[in-house]
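Have a look at the structure below, then the notes.
The values are calculated or read from the model by the stated rules, or taken from the named source; none is laboratory data. Since the structure is predicted, the reported quantities are computational estimates derived from the model, not experimental observations. Cβ atoms come from the backbone with ideal geometry, glycine included; neighbour counts cover every protein chain shown. Ligands, DNA and RNA are excluded from the accessible area calculation, which covers all protein heavy atoms including side chains. Shrake-Rupley method; radii C 1.70, N 1.55, O 1.52, S 1.80 Å.
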Amino acid sequence: MKEIREKINLLLRDPQLKRKTIFTLFLFFAFRVFAFLPVPAIDLPRLQALFSQNQFLSLLDIFSGGTLINFSVMALGLNPYINASIVIQMLSVLFPSLERLTKEGEYGRYKINQYTRLLTVPLTIAQAIGIYVLLRNQKVIGVLSPIQFFSFVVTMVAGTFILVWFGELISEYGLGNGISLLIFAGIIGRLPVVARRTLVVVNQEMIFSLIVFVVVAILVVAAVVFVNESVRKIPVYYAKRIKGNRMYQGATNFLPLKLNQAGVIPIIFAVSFVLFPQLIGNFLAYSKNLTVATVARFLAQTFNPSGFFYNFFYFILVIGFTYFYTVIVFNPQKISEEIQKHGGFIPGIRPGLPTKQYLEKILYKITSVGALFLGMIAILPAIVSGLTKITSLLIGGTGVLIVVSVILETFKTIEAQLVMRNYDKFIR
């Protein structure tokens, strides 16, 4: 506690970090204001009644930070942008020109972000039309004239891009990754509502189940912190080198391989994908074509958030995206080349190809453990909800994982900046 207080005091005394913190909190406040700015022509009482009866929509609302149940101008949240990011990252593996852009530093990141924003536009338009049809079928919104419909779609697109802009501002001028922090703020903003809804339905017979749920949640938080902080240190030795007229002494260093190398990204990606079948099902459920309507209802029932298929595919997607993202962020070929280039070697492993193969072997082993852990945490709430019969906290594991991971990463960012500015106080 004393160490935490010292770091908070240092944070408050540092003008630049204080400015970043205030700026981030201000954008959080602006995000919450927009969350309660509804789009006209929506019957909010009927919409809230619909959400209370539909687990899928309630789940979607928590990830949107409450913007969907209020049907604010940011009702679609960051989902279209996240989906666009997934598509671009997958295409970068398939197309060499995009892969080269990812390696071109600042310019490459700028172009990739530009392509992601461009792809976000059609995805946002498609989702806006889908949401409109769904709400119209549920009598939440009336039939709009062409001009009103155009205004509705433009409002949805503008809301998503304002949210993306907020995320980029936080990344540049605030603390940590803006997109992750906005998702974090949305989940935190909805937790009191979810907790109140749970306490209302809990009776005396369910008190023990609620206690079990809380204990499991605490254990999940502890497990997430442990896995996020777990690192496999691979020793790297550097021989003596002569460069020009100077001799550089040999050194010993460590190559840290995190157990959860991909962080919270696989969960965010998997949620975006696993919600898609039910979104399509709800969209086409009222189709005049009997076959299409039957298939749509089958999708909606099959991919119910508490159902087997939803959680099975969720589990598989989390594991798949963990491997996929780990391969993107950690390249054994590049690492082995850098080690060899600087005269380094791993004890007992020859430089070059053997080093690359050794790193791949270690990476796949620890990624397997990390991926299985993320998958289990993702579906654990559904299992616990089935046992305890408390369905209103279905989002628990995913929400806890995102919240804890974002908090840990943000604190690391703050700590790194504190160390840079107060280096002499940390050398002991």
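Some points to look at:
- Every residue from region 77-102 that is under 21 Å from the mean Cα position of the chain (by Cα) and either among the aliphatic types (A, V, I, L, M) or outside any helix (DSSP H, G or I) (or both): Gly77, Leu78, Ile82, Ala84, Ile86, Val87, Ile88, Met90, Leu91, Val93
- Counted residues, region 130-155 - those being surrounded by 15 or more Cβ atoms within 10 Å (Cβ to Cβ) and either among the hydrophobic types (A, V, I, L, M, F, W, C) or part of a helix (DSSP H, G or I) (or both): 14
- Of all residues in region 352-363, those that are open to solvent by 50 Å² or more (accessible area, probe 1.4 Å) have Cβ atoms under 6 Å from Cβ atoms of residues that are of a type in the set (A, V, I, L, M, F, W, C) and not in a helix (DSSP H, G or I), 6 or more apart or on another chain, in Tyr358/Ile349.
- Between Tyr323, Tyr310, Tyr314, the distinction of being within 30 Å of Gly399 (Cα to Cα) and either open to solvent by 70 Å² or more (accessible area, probe 1.4 Å) or basic (Lys, Arg) (or both) belongs to Tyr323 only.
- Any chance Ile339 is buried (at least 16 other Cβ atoms within 10 Å of the Cβ), modelled with pLDDT of 75 or more, among the β-branched types (Val, Ile, Thr) and over 28 Å from the mean Cα position of the chain (by Cα): yes
- Within region 264-278, not a single residue is at pLDDT 70 or above and touching a Lys or Arg at 6+ places or on another chain (Cβ under 6 Å).
- Yes/no for Gly344 being closer than 27 Å to Val274 by Cβ and crowded, with 17+ Cβ neighbours inside 10 Å: no
- Single unsatisfied condition, Thr391 versus (1) hydroxyl-bearing (Ser, Thr, Tyr); (2) modelled with pLDDT under 80; (3) open to solvent by less than 60 Å² (accessible area, probe 1.4 Å): (3)
- When Phe213, Phe254 are screened for being open to solvent by 30 Å² or more (accessible area, probe 1.4 Å) and either outside any loop (DSSP other than H, G, I, E, B) or at pLDDT 75 or above (or both), only Phe254 passes.
- Test set (1) open to solvent by 70 Å² or more (accessible area, probe 1.4 Å); (2) modelled with pLDDT under 85; (3) assigned to a helix (DSSP H, G or I) - Thr198 fails condition number: (1)
- Any hit, region 103-114, residues being more than 17 Å from the chain's Cα centre (by Cα) and surrounded by 15 or more Cβ atoms within 10 Å (Cβ to Cβ): yes
- Selection from region 142-186 of residues that are over 20 Å from Lys20 (Cα atoms) and either aromatic (Phe, Trp, Tyr) or in contact (Cβ under 8 Å) with a residue 40 or more places away in the chain (or both): Gly142, Leu144, Gln148, Phe149, Phe150, Phe152, Thr155, Met156, Ala158, Gly159, Thr160, Phe161
- Residue that is nearest to Leu135 (Cα to Cα) [pool: residues in region 167-180 that are assigned to a helix (DSSP H, G or I) and open to solvent by less than 10 Å² (accessible area, probe 1.4 Å)]: Gly167
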